[in-house]
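Novice: Would you mind keeping the following structure in view while I ask a few things?
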Amino acid sequence: MPAALPLLPQSFGPLASSSLAPRILAFSTAGDAANGLLPFGWSVTDFQTWTLVYLGVSSLAFVLVWLVGYLRR
């Protein structure tokens, strides 16, 4: 694990676990994520693809709700 990653101590409030290994709090650079530290086995390209899909679907849902509200007025 790179030394540049900020780590949570063992006894950090409700995030404390029974494991002795510290948890990663955040990435220090985008390179950390590219080095395989993303959760669930995702790659950076998968993360970007699904982010764009989410943004597209949520934008379409917003427009649809706005259009229905406008037409019912």
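The values are calculated or read from the model by the stated rules, or taken from the named source; none is laboratory data. Here the structure is a predicted model, which means the values were calculated and not measured. Counting neighbours? That spans all protein chains shown, and the Cβs are built from the backbone with ideal geometry, glycine included. For the accessible areas, the whole protein counts, side chains as well, though only heavy atoms, and no ligand, DNA or RNA atoms are used. Shrake-Rupley method; radii C 1.70, N 1.55, O 1.52, S 1.80 Å.
Novice: Can you confirm whether PHE62 is open to solvent by 60 Å² or more (accessible area, probe 1.4 Å), touching a helix residue (DSSP H, G or I) at 6+ places or on another chain (Cβ under 9 Å) and modelled with pLDDT of 70 or more?
Specialist: On the way: open to solvent by 60 Å² or more (accessible area, probe 1.4 Å): yes; touching a helix residue (DSSP H, G or I) at 6+ places or on another chain (Cβ under 9 Å): no; modelled with pLDDT of 70 or more: yes.
No, not satisfied.
Novice: Search the stretch 50-73 for residues that are under 23 Å from LEU38 (Cα atoms) and pair each with any residue that is surrounded by 10 or more Cβ atoms within 10 Å (Cβ to Cβ) and not charged (D, E, K, R) when their beta-carbon atoms are under 9 Å apart and the residues are at least 6 apart or on different chains.
Specialist: Hits for this filter: TRP50/TRP42.
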